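Beneath this line is the structure, given in structure tokens, with notes to follow.
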Amino acid sequence: MSFVYNIMMRLYGISIGIVSLWNPKAKLWIKGRKKWEDKLKSALNGKENVHWFHCASLGEFEQARPLIEKIKANYPEFPILVSFFSPSGYEIRKNYELADYVCYLPLDTPGNAAKFISSCSISKAFFVKYEVWPNFFKEMESKEVPVYIISATFRKNQIYFKSTGAWFLKLLQIPKDIFVQDLDSNILLNNNHITSKISGDTRYDKVKENKKKATEIELAKQFTDGKFTLLAGSSWDEEERMVGELIRRHKSKMKLIIAPHDISDAHVKGTVEKLGDTVKFIRYSNIDSSTEIQNYDCIIIDNIGMLSNLYQYASIAFIGGGFTNALHNILEPAAFGIPVMFGNYHSKFPEAREMMEKGGGIEVKMYEELEEKTLALIANDEDYKTKCNLNSQFIEDRTGAADFIFKEVFDT
């Protein structure tokens, strides 16, 4: 199986190289890995006790971040190395202030893994959620570098637990500790003779901290002007189609903020088309000192970085990705104590099911449900406030994962 996997990795690298000829994201993937060994050696030359965090993309980085911050607060002398697999994570966090170096993870081949581990003095390695790379894990095992998997979730349909997945399951014996988010993951691993510890999800710590540090956005405050406001966060086409119809029909009852997942000009133009001719909208980048923002029905946020601060002005959030099982962060809006809506395909995200069970999460399958449930919350203030309180408590009850992991790793 190891031979087959390594062949597949090389074929994957070749295919990305071909796709990069016309795909911008693939081009970044290739470009970012050029001369990676020289760059890594130069950045971490002479530094000892490097603590390495590997994240697939931006979402996983946010799970790593609370633990990174805790390590730096207690051991400021420890260098931090952060690696990403995806450009969407690297490009946004390549200048992360607490990291001594941020890079792309080289393709998982035996040679790359050996070069990477020998290029710097790694003391501990933390891989986030789903990130299990066989050659890197085996290389660290041979070099006696302790590996930890944090904020992990496991499901029965993953390769580890299939009849053909024995080789992959064995890889889970390499980490010194696996910190899982929930009891179901813990039981599943235990039934397959893999030990783990239930820590919870470090994202809860991060979103609670984000709320505390939220900064005011005066334009958003003026725009909402105390009116019921729906915020479509990290929205995809389907969410935008639905909220576009909702605001057309009910703009007298609410305001709308759309913060698309894709802020390219082509996508934003498509978002505008979904609003129709009767909705008065403005792109955030077009607002100036003469704009009477309170007179608009909708703002489209065409930049990255504002969303987490915008939730404080929303009455309810409708989070993107829930119609393709690629649900974005529903914990950020919940931390601000507002109800959270999302599509009905969310099996990979246990927090969605748990939030629904507690009462602050709202699943919608089609436009008619979005309309019905939104209008019901506008009409029933008592039910609305109850759901707000339920989500505030939902976040509060689940914080502490970073503290737990830190103590297990550094105090034992």
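The values are calculated or read from the model by the stated rules, or taken from the named source; none is laboratory data. What you see is a predicted model, and the numbers here were worked out from it, not measured in a lab. Note: ideal-geometry Cβ built from the backbone for every residue, glycine included; neighbour counts use all protein chains shown. Heads up: the accessible areas ignore ligands, DNA and RNA and are worked out on the full protein's heavy atoms, side chains in. Shrake-Rupley method; radii C 1.70, N 1.55, O 1.52, S 1.80 Å.
When the test is whether a residue is within 23 Å of the chain's Cα centre (by Cα) and at negative phi, K365 passes it. Within segment 253-282, being farther than 18 Å from K227 by Cα, in contact with a helix residue (DSSP H, G or I) (Cβ under 6 Å, 6 or more places away or on another chain) and of a type in the set (K, R) holds for one residue alone: K274. Is there a residue in segment 75-86 that is under 19 Å from I304 (Cβ atoms), modelled with pLDDT of 95 or more and open to solvent by less than 30 Å² (accessible area, probe 1.4 Å)? For segment 75-86, residues under 19 Å from I304 (Cβ atoms), modelled with pLDDT of 95 or more and open to solvent by less than 30 Å² (accessible area, probe 1.4 Å): present. In the set (1) in a loop (DSSP other than H, G, I, E, B); (2) open to solvent by less than 20 Å² (accessible area, probe 1.4 Å); (3) not small (G, A, S), I299 fails one condition alone, (1).
Given the criterion at pLDDT below 95, open to solvent by less than 20 Å² (accessible area, probe 1.4 Å) and of a type in the set (G, A, S), identify the matching residue among G59, G46, G89.
Details: G59 fails: open to solvent by less than 20 Å² (accessible area, probe 1.4 Å); G46 fails: open to solvent by less than 20 Å² (accessible area, probe 1.4 Å).
None of the others qualify; the one that does is G89.
For segment 284-296, filtered to residues that are assigned to a helix (DSSP H, G or I) and in contact (Cβ under 8 Å) with a residue 12 or more places away in the chain, the residue that is surrounded by the fewest Cβ atoms within 10 Å (Cβ to Cβ) is N295. Looking across segment 269-280, the residues that are open to solvent by 70 Å² or more (accessible area, probe 1.4 Å) and either over 26 Å from the mean Cα position of the chain (by Cα) or among the acidic types (D, E) (or both) come down to E273, D277, T278, K280.
The residues of segment 130-147 that are over 12 Å from W52 (Cβ atoms) and in contact with a Phe, Trp or Tyr (Cβ under 7 Å, 6 or more places away or on another chain) amount to a single one, P134.
Filter segment 288-337 down to the residues that are out of contact with any strand residue (DSSP E or B) (no Cβ under 8 Å at 6 or more places or on another chain) and of a type in the set (A, V, I, L, M, F, W, C), then identify the one that is modelled with the lowest pLDDT. Steps first, please.
Of the residues in segment 288-337, the ones out of contact with any strand residue (DSSP E or B) (no Cβ under 8 Å at 6 or more places or on another chain) are 288-290, 292, 294-295, 303-305, 308-309, 312, 323-326, 331, 335-337.
If we keep only those that are of a type in the set (A, V, I, L, M, F, W, C) too, we end up with 304, 323, 326, 331, 335-336.
Details: I304: 84, F323: 96, A326: 90, L331: 96, A335: 97, F336: 97.
The extreme case among them is I304.
State whether one or more residues within segment 305-321 are in contact with a Ser or Thr (Cβ under 8 Å, 6 or more places away or on another chain) and open to solvent by 40 Å² or more (accessible area, probe 1.4 Å). Scanning segment 305-321, I find no residue that is in contact with a Ser or Thr (Cβ under 8 Å, 6 or more places away or on another chain) and open to solvent by 40 Å² or more (accessible area, probe 1.4 Å), so the answer is no.
Taking the options E351, E372, E396, name whichever one is of a type in the set (D, E) and either in contact with a strand residue (DSSP E or B) (Cβ under 8 Å, 6 or more places away or on another chain) or open to solvent by less than 20 Å² (accessible area, probe 1.4 Å) (or both). One residue alone meets the criteria, E351.
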